[in-house]
Amino acid sequence: MQKEDLRIVYMGTPDFAVESLRQLVEGGYNVVGVITMPDKPMGRHGSVLQPSPVKQYAVEKGLQVLQPVNLKDEAFVEELRSLKADLQIVVAFRMLPEVVWNMPPMGTFNLHASLLPQYRGAAPINWAIINGDTETGITTFFLQHEIDTGEVIQQVRVPIADEDNVEVVHDKLMNLGGRLVTETVDAILAGEVKPVPQEELMKLSQEELRPAPKIFKDTCRIDWTKGVKGVYDFVRGLSPYPAAWTELVGADGSSQVLKIFQTEKNFFSHGEKIGTVSTDGKTYLRVALADGYLNILSLQLAGKKRMPVADFLRGFKMTEGLRVE
């Protein structure tokens, strides 16, 4: 079978998933349908419906789009079956029921933004950076019952630089992921795929498995006891979205929420209490930690826009006794 004859159904929602779909379409692969999330209500009253980035691209290219609310709905399953897909590809979508992932004769494979079996879950890029990893990657694997546990098809390793944040690593993996998706399709077509059970990879690495659970607001609160490197990695692992945050507390007990996007490490011996904030009022704002200071370079007060620290200091009245909690 040639790639032009292979009937592909593609499933995805966010920007990360657009690049793989784009490379399939521009590569001449036969995408017969696109499955994505229903349009999201936006605006004050939810009166404006916002299509997903994948839907926007699919509509622009004239592809058939399905947007089921319930993936087990009989009408959707029949409509999906009518597309007669040979292969299904999933990139940043949602957990599929067996009736869906087991439908095509060549199976369903997923692109995951980690080196499985590490970082199974919803936020693999964030957690790899938060944990201070110097390497991550992308994996294609066949779906099976338990989420992110299927047999691995191919992997690509990607270094994480010390200054990389989520946005930088996301874009690296997104672009490489598009290429890996088409390479995986080609390998399946050529009969060259020899999937490896993740249990075998676990035996080879001997590394403790680290999860990548969904990130909530409380997850993003900074724990200033983690030390300079720990907080530095935490901030870049959540930057620019959803962003690490803390409370800036005055000597009088008043507080306001502060989002922090970029910091700089400064290992230094001092006698200040953890969380003490100091500044010259013009160029720097730093927080004392157990093993040094963390210089804040980019931040945002609630209700304000993100700004460099110098702009923040020009408009913010600094007082004695400030601390973060």
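What follows draws every value from the coordinates through simple rules; no lab data is involved. Keep in mind that what you see is a predicted model, and the values were worked out from it rather than measured. Glycine also receives a Cβ, built like all others from the backbone with ideal geometry; neighbour counts cover every protein chain displayed.
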Based on the Cβ-Cβ distance of K317 and K229, what FRET efficiency does E = 1/(1 + (r/R0)^6) give at R0 = 41 Å, to the nearest 0.05?
0.85
Please name whichever of G250, F261, G321 sits farthest to the positive end of the charge dipole of segment 218-324, dipole taken about the Cα centre and charges placed at Cβ: Lys and Arg +1, Asp and Glu -1.
F261
Debye, to nearest 20: dipole size of segment 1-105, +1 on Lys, Arg Cβ, -1 on Asp, Glu Cβ:
220 debye
With r as the distance between the Cβ atoms of S82 and I274 and R0 = 51 Å, compute the FRET efficiency 1/(1 + (r/R0)^6) and round to 0.05.
0.25
How much of the calculated P(r) for the chain lies past 37 Å, in percent of all Cα pairs?
29 percent
Relative contact order for segment 7-205: what is it in percent, counting Cα pairs under 8 Å that are at least 6 residues apart?
20 percent
Taking other Cβ within 10 Å of each residue's Cβ, how do T263, T149 sort, fewest first?
T149, T263
Cross-link reach from K55 to aspartates and glutamates, straight Cα distance under 17 Å and at least 8 residues apart if same chain, gives D15, E19, E26, D39
Per the rule of 0.36 nm per residue minus the C-alpha distance, extending D291 to Y241 adds in nm 15.3 nm
When Lys and Arg each count +1 and Asp and Glu each count -1, what net charge do the other residues less than 9 Å away from N295, Cβ to Cβ, add up to?
+1
For the chain, the helices passing both cut-offs (Cα extent along own axis of 18 Å or more, Kyte-Doolittle mean at least 0.5, full DSSP H runs) are 166-189
So if I place +1 on the C-beta of Lys and Arg and -1 on the C-beta of Asp and Glu, and nothing else carries charge, what would the dipole magnitude of the chain be about its Cα centre? I want it in debye, nearest 20.
1040 debye
Sites matching GluC sites (Glu not before Pro) across segment 121-210 that sit in DSSP coil, with at most 15 neighbouring C-beta atoms within 10 Å
E146, E163, E192, E207, E208
Hey, which lysines would be in cross-link range of K194, C-alpha to C-alpha under 22 Å, not counting anything within fewer than 8 residues on its own chain?
K3, K203
Beyond 20 Å between alpha-carbons counts as too far, so tell me which of K40/K259; K282/K317; K226/K273; K40/K84 fall in that bin.
K40/K259; K40/K84
Point-charge dipole on Cβ atoms (K/R +1, D/E -1) for segment 218-324, about Cα centre, debye to 20
320 debye
